[in-house]
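Undergrad: Provided herewith is a single structure, encoded as structure tokens, for subsequent inquiry.
Derivation of every value follows stated rules applied to the coordinates shown; laboratory data play no part. Just so it is clear, the structure is predicted and the values come from calculations on it, not from any experiment. Ideal geometry is used to build each Cβ from the backbone, glycine not excepted, and the neighbour counts take in all protein chains shown.
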Amino acid sequence: MKREQKEARIKELADIFKSDGTFYLFDYNKMSVAQSVDLRKTLRKHGSSLRVVKNRLALRALKAEFPDALRDSFRKPTAVAFTAADPILLAKALKEFAVQNKVLVVKGGVVQGRYFPAERFDEITKLTSRQALLGKIGFMMAYPLTKLLRTWQAPLTSAGILLSQLKNKKQ
């Protein structure tokens, strides 16, 4: 590979690491081509991408802001799964693929700028998605208002029921 090509790849990787903010590193050594194609299709459905990287070029692309523990993850064959969308969906897709095919070994990653070692990857997959959390927050904000509305309606409803029973008694 020529120097210009290497510099272009380094710049491309640096842009990925910087702009997306969420990426996971994993060992793809035992993965077949068919499994790799299947993983790429699955990740595309979730708005994510997969890139196999050369470790030396990836280390050059990493800036000083990333911890040294992340740099240690670039040993053996390494692939990077990255997304600008929901990091939880990407983690769950990787976890599901790893469970089904038993070939994927997560080395670590960065979720919205914070480094997570491989041991904490399961914690990320157990989190709920951003949309589910926003739904819960919306429900929690609306619940007191609906409770207040029901409280205000209760006396009127009771008075209506009472008047209806009184009318039925007189007839």
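Undergrad: Output the peptides 53-60, 3-10 sorted from most to least packed, where packing is the average of other Cβ atoms within 10 Å over each peptide's residues.
TA: Details: 53-60: 16.1, 3-10: 12.4.
In decreasing order of mean packing, 53-60, 3-10 become 53-60, 3-10.
Undergrad: Please give the length that would be gained between Phe139 and Asp122 if that part of the chain were fully extended, namely 0.36 nm times their separation in residues minus their C-alpha to C-alpha distance (nm, one decimal).
TA: Numbers: separation 17, 0.36 × 17 = 6.12 nm, distance 2.73 nm.
Full extension of this stretch gives 3.4 nm more.
Undergrad: On a 0 to 90 degree scale, rounded to 10, what angle separates helix 87-101 from the longest Cα axis of the chain?
TA: That helix lies at roughly 70 degrees to the long axis.
Undergrad: Shape verdict for the chain, please, from the Cα gyration tensor: rounded (a/c under 1.5), prolate (a/b greater than b/c) or oblate. Each step should come with its number before you reach the end.
TA: Values: a/c = 4.09, a/b = 3.09, b/c = 1.32.
Prolate is the answer for the chain, as a/c is 1.5 or above and a/b outweighs b/c.
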